[in-house]
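What follows is a short report on a single structure.
The values are calculated or read from the model by the stated rules, or taken from the named source; none is laboratory data. All figures in this text were calculated on a predicted structure; none of them were measured in a lab. As a convention, Cβ positions derive from the backbone with ideal geometry for all residues, glycine included, and neighbour counts pool all protein chains shown.
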Amino acid sequence: MADTTVPAPSFALGETIDRIRRSSEYVVIPLLALVVSAALFSLFLLALGKDPVTFFSLVWKGGFGTGFSWQNTLVRSSPLILAALCVAIPARLGMVVIGGEGALVLGGFAAAVVAIPMVSWSPTFFTLTVMALVSMLVGGLWIGFVGYLRHYRGINETISSLLLSYIAISILNFFVEGALRDPSDPNKPSTMPIGPENMIGPIPGTSVHWGLVAGTIAAVAMWVLMNRTTFGFAARITGGNVRAAMAQGLPVGKLILVSTALAGAFAGLAGFYEVAAIHGKANASLIAGYGFTGILVSFLARHNPIAIVPVAIFLGGIEAAGGLVQRRLELPDATVLVLQGLMFVVLLVSETLYGRFKIFKAKGA
Amino acid sequence: MEDVGLSTVLLAMLAGAIRVSTPFLFVALGECLTEKSGRINLGLEGTLVFGAMAAYAISFETGSPWLGVLVAGFAGMAFGAMHGAICRLKGVNDIAIGIAMMLFGTGLAFFFGKAYIQPVAPRLPSVELGFWTDNPHLAKALEVNPLFLIGIALAVAMWWAFKNTRIGLVVRTTGDSAPAALALGINVDLVRFLATSAGGFLAGVGGAFLSLYYPGSWTEGLSSGQGLMAVALVIFARWNPLACFGAALLFGAAGALGPALQSVGITRGYHFFNAAPYAMTLVIMILSISPKRSLKGAPGELSITK
C-alpha cells in the first residue's frame, strides 16, 4: 500500500510542469506579438525621422515612470477593465461584441440623468447605489438586446453592436444638447452636475478612484463564473460548438442573453464610474474610446478575465503617455491609435502560431 | 406654404440620396465582391476613412482630385491585400482581423491626416444633369458627381459579370464551397486575396468621394460607420450588385434626412435624425434576416451567415 503511493509526488510534479509548459504558450505568443509590433512601430517611427528609443522611454515615463503617471494609468485602466469584460464574456460563447462603447456612454448618461431629481433629497450612498444599478441595467439591456438579436433573429452581433454604439452616442448628444442640457454651463453641453458631495472619492492615499477595485473584483468574479461554475462550462461548450450544445439540451438562448446582459452591465458600470468619479456629469467626454480599446485589451488577454487586469493597466499606461509623447516628439495624438491598431493586427496574425511549437506540447502528448 | 416646405425637403432628400449614397455604393460593391468570394471584411470602415484622408492629401498636394481618387483606391487595395493575406493563415478569424484593420486604418488616417484638417483641397467637379429644368432646387438636386455614374455602371457590370463570365463563376464557386472550388483546380486563397484587394480599392474610392465631393473636406468625424453600414447593406441586398445600388440610394436618403430637414429650418432633433441611418440599418437587418431559414443568395462559405 505504502509503496504504491510513493511515486505520486513526482508524478504530480511532472503533470504540473506539463501544465505550465502548455499554458505558457498563451503567454509567450502574445508577448512575442507585442515585441514584433513594437519593432514594426519602431520602423514606422524611423521612417518618419523620429527616434523609437525616445518614444518608448517616453511611453515608459508617461505611463509607469513615476507615482503620478502610475495613478494616471490606473485611472484609465479601470474603464478599460470593465469595457474589456464586455468583450470577453460574450467571446466565451463565440460572439464578437464590439459595442461596449455604446453601453458605456449610455450607462454613464443614464446614471447622470437618474441622479438629477435625487441630488436634492437623497443621501449620497443611496444616490450612488441607484446610479450604479441604473447604469448596469441600461448597459445590460443595451448589449442584452444584441444577444437577443443574435439568438432569436439571427443577426450578426458584431455589426448590430457597433450600430447600436452609434445610436447610443446620438442619444447622448440629442439629450445633452437639448432637453437635458444644463443651462448654467455655457462651455460644453452637459447634463446637470451630480454635485461634488455625491462624487466618488479616490482610494485613500491616491488619486485613483474605486472603479479600479470594482473592475478587478468583477474580473475575478467573471473568471470564477466562467471557469468554476456549470454556467461557465455550458457557456464554453456553446462557444465551442453551438449545435453540439443545443443537441445536449443546453439552454443556449438563456446563456447568450445572460452573458450579453452581464457584458453590457459591466460596460455600463464603466460609464457610471466615469460620471460619478471623473466628470461629475454626462457629456461628450464619455465618448473617449474606452469601449474600443477594451476590444484590444480583451483580445490581448485572450478573453481571460484575470489576464484582462494587467493588460488593461498596460494599455492604460500607453494611453496615459499619449499626451507626453505628443508634446515631446511632436507627433499627432493618433500615434497611440496607430500603435494599438498595429498591435491588434500583429496579435491576430500570431494566432496562427498556436500549436506549431513543440516546446509547448506536453510530453507524450 | 406647407407644400413648398415638403417639396423642398423631398428634393433635398433626393439630392442628398444621390450624394450620400455614392460612398455607400462603392463600399457595398467592394464588400459584395469580397463576400461573394466567401470572406467578410469589416475593416472597410478603416479603409474608407484612410481613402478619404489619402485622396484629400493628394488632391491638396498635387492639385488633382482625380489623382487623389486613384491614390485612395490603391491605398484601399493595400489594406484589402493585407486583410486577404492575413486571412489565409490558419486559425485567423476574418471578422476579428476586420475589426483590427478598422482600428488600424482609422488610426493611420488620423495620424497622417492631422496636417490636412485645415487646408482646402481642390474638389471633384460635378456633372449638371438638371440643364433641362427651370426649377433651381431640382437642378441643384441633379448636379451629380461622375463617381456616382461610374458606380452605377460598375454595379451593372458586376451584376452581369457574376452571371455571365468565367471570373464571376470562379468567384461565386469559391464563395459557395471552397472544397468544390479546390476540386475545380481553383486557387481559393488567391481568388479571395484578389477579391478582397479589389474590394478594398472600391472602398478607398468611396472614401475619396467623402472628402473630395460630399461633405467635401477632411475631418476626423468624416465617416462614422458608413463602411460598416455598407456591410449590412450587402446582406440586405442579398449579394446582388444591382440591389446594392437600390439599397445605397435608400441608405443615402435616410442619411440625408437630418440635413434636409435642417435646410428648411427644422434643427430640433438633429442628432435624432443623425441616428436614422443606423437605426434603419438595424431595422432592415431585423426584417430581412431570419434565423429559421438561410438567406437566399448567401455565399455558403461566409462566416457571418453560417
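Of the residues in segment A:244-253, at least one is more than 18 Å from the chain's Cα centre (by Cα), β-branched (Val, Ile, Thr) and either surrounded by fewer than 23 Cβ atoms within 10 Å (Cβ to Cβ) or in a helix (DSSP H, G or I) (or both). Applying the condition of being in a loop (DSSP other than H, G, I, E, B) and of a type in the set (A, V, I, L, M, F, W, C) to segment A:299-333 and asking which residue is farthest from the other protein chains (Cβ to nearest Cβ) yields A:Ala321.
The helices (runs of 4 or more DSSP H) located wholly in segment B:94-178 that include 2 or more residues which are within 14 Å of chain A (Cβ to nearest Cβ) and closer than 26 Å to B:Leu210 by Cβ occupy B:94-113.
Criterion first (facing another protein chain (nearest Cβ under 9 Å) and closer than 29 Å to B:Cys87 by Cα) does B:Pro241 satisfy it? When the stated conditions are applied, B:Pro241 does not pass them.
Only one of these is closer than 23 Å to B:Cys32 by Cα and at pLDDT 90 or above: B:Leu250, B:Leu212, B:Leu242, B:Leu233. Name it. Give the derivation first.
Numbers: B:Leu250 fails: at pLDDT 90 or above; B:Leu212 fails: closer than 23 Å to B:Cys32 by Cα; B:Leu233 fails: at pLDDT 90 or above.
The match here is B:Leu242.
Residues of segment B:25-47 that are in a helix (DSSP H, G or I) and more than 14 Å from every other protein chain (Cβ to nearest Cβ): B:Leu25, B:Phe26, B:Leu29, B:Gly30, B:Cys32, B:Leu33, B:Thr34, B:Lys36.
Residues in segment B:268-290 that are in contact with a helix residue (DSSP H, G or I) (Cβ under 8 Å, 6 or more places away or on another chain) and either more than 13 Å from chain A (Cβ to nearest Cβ) or part of a loop (DSSP other than H, G, I, E, B) (or both): B:Gly269, B:Ala275, B:Ile289, B:Ser290. Listed by first and then second residue, the pairs with beta-carbon distance under 7 Å, at least 6 apart or on different chains, first residue in segment A:17-34 and closer than 10 Å to A:Phe360 by Cβ, second not in a loop (DSSP other than H, G, I, E, B), are A:Arg21/A:Phe360; A:Arg22/A:Phe360; A:Ser24/A:Phe360; A:Glu25/A:Phe360; A:Ile29/A:Ser350; A:Ile29/A:Leu353.
If only residues of segment A:345-365 that are aromatic (Phe, Trp, Tyr) and in a loop (DSSP other than H, G, I, E, B) are counted, the one that is nearest to the other protein chains (Cβ to nearest Cβ) is A:Tyr354.
Of all residues in segment A:334-344, which are at the interface with chain B (Cβ under 7 Å from one of its Cβ atoms) and crowded, with 23+ Cβ neighbours inside 10 Å? Give the derivation first.
Of segment A:334-344, the ones at the interface with chain B (Cβ under 7 Å from one of its Cβ atoms) are A:334-335, A:337-338, A:340-342, A:344.
Within segment A:334-344, A:Thr335, A:Leu337, A:Val338, A:Gln340, A:Gly341, A:Phe344 meet the criteria.
Meeting the requirement of 1 or more residues that are out of contact with any Asp or Glu (no Cβ under 6 Å at 6 or more places or on another chain) and away from chain B (no Cβ under 14 Å), the helices (runs of 4 or more DSSP H) wholly within segment A:121-228 are A:124-153, A:211-228.
Of all residues in segment A:110-133, those satisfying the criterion of being free of Cβ contacts under 8 Å to residues at least 40 places away in the same chain and hydrophobic (A, V, I, L, M, F, W, C) are A:Val114, A:Met118, A:Trp121, A:Phe125, A:Phe126, A:Val130, A:Leu133.
Among the conditions (1) aliphatic (A, V, I, L, M); (2) under 30 Å from A:Gly239 (Cα atoms); (3) modelled with pLDDT under 90, A:Ala179 misses just one, which is (2).
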